[in-house]
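For reference, the structure discussed in these notes is given below.
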Amino acid sequence: MHTILIEPTENPKVMKFVADYNLIPGSLELDRDSDISEIPLAQELFNYPFVERIFITANFVAVAKQDTVEWEHVVESLKNIIEDELLANPRIYLQKKKEMYQIYAEMTPNPAVMKFVSSKLLLEGFVEVKSREQADGVPLAQAIFKEFDFTKEVFISDNFVAVTRDNSVEWHQVMMAVRGLIADYLQNGGEISTIEAQTHENPVEKIINRDYTDDEQKISDILNEYVAPAVENDGGKISLMEYVQSTKTARMLLQGACSGCPSSTATLKNGIEGILKQFVPDLVERVEAVNG
């Protein structure tokens with residue numbers, strides 16, 4: 001255990017508590033208005049009402065007190081707290097607010113799917129876990145499946161995690177718990193996926209393994225420009241799988257929140273079919289959904 005030496009300073013209100021190693025890169029000056037949410041040592045010291053300010057740099061913590069108490073009555077208590085806290089957290093890092101993951105829950109058109117959106121990018125591309133058995137290689141999905149029996153599917157893409165529940169619960173009962181687990185997991189540096197994410201342009205092998213025809217490319221371009229942003233906003237993904245020229249039918253692959261969504265077929269019929277008929281009336285008369 002590292003011992004702390006007590007060292008008086010020129011200022012009678014300030015006492016130094018010196019460690020035998022460097023505590024922090026740079027320096028940190030804290031008062032009672034500072035954000036100390038990530039600094040347990042400061043939280044413990046400010047529990048004492050007489051502590052006015054804390055200064056941490058190099059290998060020491062300097063504490064400034066009010067005149068209401070004498071050092072001889074409190075110095076050992078403060079030393080013990082600093083020793084205990086440094087035992088638990090040997091390094092005191094500067095707060096990195098920008099590293100914090102803010103997670104908020106967002107409804108999707110599919111009542112079974114809730115989207116948990118992060119303030120930071122999680123993945124370049126996406127991974128889709130369709131069942132508990134398929135979660136190998138996706139530690140974040142494994143954590144969600146392990147903690148919540150009601151989880152059916154997990155879809156991780158860009159800055160969100162879309163979770164599909166079964167019928168044993170309603171989202172209002174479990175939403176906060178799922179949000180909390182995802183936030184804690186990310187905050188603690190948990191690994192998201194060890195398998196390579198699929199790219200958005202080519203969501204399945206069927207599409208990757210062939211080039212679009214000119215007609216398919218026209219349809220795909222319109223989808224990407226007019227439809228994909230709205231669908232992705234709802235926690236899903238849509239891609240053109242194939243185009244049947246003889247029946248003027250465009251077959252769409254739906255993934256994420258869109259997959260199995262009761263409103264997705266209606267959305268396709270009304271919205272997407274309408275858009276394609278408007279932009280490429282000579283090519284498309286019908287749209288069909290294929291759930292990924």
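The values are calculated or read from the model by the stated rules, or taken from the named source; none is laboratory data. Only a predicted model underlies this, so the values are computations on that prediction, with no experimental measurement involved. Virtual Cβ from ideal backbone geometry, glycine too; neighbours counted across all protein chains shown.
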For the subset of the range 216-232 comprising residues that are exposed (fewer than 15 other Cβ atoms within 10 Å of the Cβ) and not small (Gly, Ala, Ser), which member is nearest to Ala105 (Cα to Cα)?
Pro229
Of residues in the range 9-57 being of a type in the set (Val, Ile, Thr), at pLDDT below 90 and not in a loop (DSSP other than H, G, I, E, B), the one surrounded by the fewest Cβ atoms within 10 Å (Cβ to Cβ):
Thr57
When you look at Glu201, is it acidic (Asp, Glu) and either modelled with pLDDT of 85 or more or surrounded by fewer than 16 Cβ atoms within 10 Å (Cβ to Cβ) (or both), yes or no?
yes
Inside the range 131-141, can you point out the residues that are within 20 Å of the chain's Cα centre (by Cα) and part of a loop (DSSP other than H, G, I, E, B)?
Ala135, Asp136, Gly137, Val138
In the set Val154, Val174, the lone residue that is touching a residue at least 12 places away in the same chain (Cβ under 8 Å) and either among the hydroxyl-bearing types (Ser, Thr, Tyr) or under 19 Å from Lys237 (Cβ atoms) (or both) is Val154
